[in-house]
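Trainee: Okay, here's the structure, questions in a sec.
The values are calculated or read from the model by the stated rules, or taken from the named source; none is laboratory data. Here the structure is a predicted model, which means the values were calculated and not measured. Cβ placement follows ideal geometry from the backbone for every residue including glycine, while neighbour counts extend to all protein chains displayed.
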Amino acid sequence: MNLNKAFLMGNVTADPQLRSTPSGQSVATFGLATNRFWTDKAGKRQQAAEFHNIVVWGRQAEIANQFLTKGSSVFIEGRIQTRTWQDKQGQQRRTTEIICERIQLGPRPAGASTSARPVDSTFTAQSGGAKETASGSAQPTKDLAPEEEIPVIDLDESEIKPEDLPF
């Protein structure tokens, strides 16, 4: 049995670049930064950033292009793929990318608009808090609920008993 699955949650490093294939398929690419924290032997907290190339296809590429901007928080589910090609000088080049199969947009900062970029006439963002007007542009709806803070659950390790675990 084989498995190639990647789960990443991080911040977009630059606005997505949207292109189309000759057949008309949309493809968006962008960078994603993830951070790792650990404590070294001296007890000092350390941090390291890892940068990932993300490729998104189809309708999700259009959504990523519309709503993601530099600094946006996003959750990506996909697979790892390494490509090889020859550059103009004849050198063999390789790159490793995450091919996005599922994208989940993170919370927006307070006061941010519902649409980061102009919307084309093919998209109706009713579920995203915007309503398409007759001119084809999305306008924020006034009945949006205010953004809520996510509650933090703090459990002491002593509260979890082995006999309570279902496995």
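Trainee: Among the residues of the range 63-97 satisfying the criterion of being polar (S, T, N, Q) and part of a loop (DSSP other than H, G, I, E, B), which is surrounded by the fewest Cβ atoms within 10 Å (Cβ to Cβ)?
Mentor: So in the range 63-97, the residues polar (S, T, N, Q) come out as 65-66, 69, 72-73, 81-82, 84, 86, 89, 91-92, 95-96.
In the following step, the residues that additionally are part of a loop (DSSP other than H, G, I, E, B) were identified as 69, 72, 89, 91.
Numbers: T69: 16, S72: 22, Q89: 6, Q91: 8.
Here the answer is Q89.
Trainee: State whether the residues of the range 34-46 include one that is closer than 17 Å to K5 by Cβ and surrounded by 10 or more Cβ atoms within 10 Å (Cβ to Cβ).
Mentor: Let us first name the residues in the range 34-46 that are closer than 17 Å to K5 by Cβ, namely 34.
Filter once more, so that each one left must be surrounded by 10 or more Cβ atoms within 10 Å (Cβ to Cβ): 34.
Scanning the range 34-46, I find at least one residue that is closer than 17 Å to K5 by Cβ and surrounded by 10 or more Cβ atoms within 10 Å (Cβ to Cβ), so the answer is yes.
Trainee: Same structure again: Condition (residue is outside any loop (DSSP other than H, G, I, E, B), within 18 Å of the chain's Cα centre (by Cα), of a type in the set (D, E) and within 14 Å of R102 (Cα to Cα)) applied to the range 51-62: is it met by at least one residue? Spell out how you get there, then give the answer.
Mentor: Start the filter on the range 51-62 by keeping residues that are outside any loop (DSSP other than H, G, I, E, B), which leaves 51-62.
Narrowing the set further to residues that are within 18 Å of the chain's Cα centre (by Cα) leaves 51-62.
With of a type in the set (D, E) added as a condition, the list becomes 62.
After this cut, where a residue has to be within 14 Å of R102 (Cα to Cα) as well, the list is 62.
Yes, the range 51-62 has at least one match.
Trainee: I'm checking my understanding of the structure. Among residues of the range 40-50 that are among the charged types (D, E, K, R) and part of a strand (DSSP E or B), which one is nearest to F30 (Cα to Cα)? Quick ask: steps written out before the conclusion?
Mentor: Filtering the range 40-50 down to residues among the charged types (D, E, K, R) leaves 40-41, 44-45, 50.
Those still in the list that are part of a strand (DSSP E or B) too: 45, 50.
Values: R45: 29, E50: 14 Å.
In this case the residue turns out to be E50.
Trainee: Hey, A42 hits all of (1) at pLDDT below 95; (2) touching a Gly at 6+ places or on another chain (Cβ under 9 Å) but one; which does it fall short on?
Mentor: That leaves (2) as the condition not met.
Trainee: I'd like the full set of residues that are part of a loop (DSSP other than H, G, I, E, B) and either surrounded by 15 or more Cβ atoms within 10 Å (Cβ to Cβ) or outside the structural domain of V74 (by TED's automatic domain parsing) (or both), limited to the range 16-33. Don't jump to the end; show me each part of the working.
Mentor: Just the residues of the range 16-33 that are part of a loop (DSSP other than H, G, I, E, B), to begin with: 16, 21-25.
The answer is P16, and nothing else.
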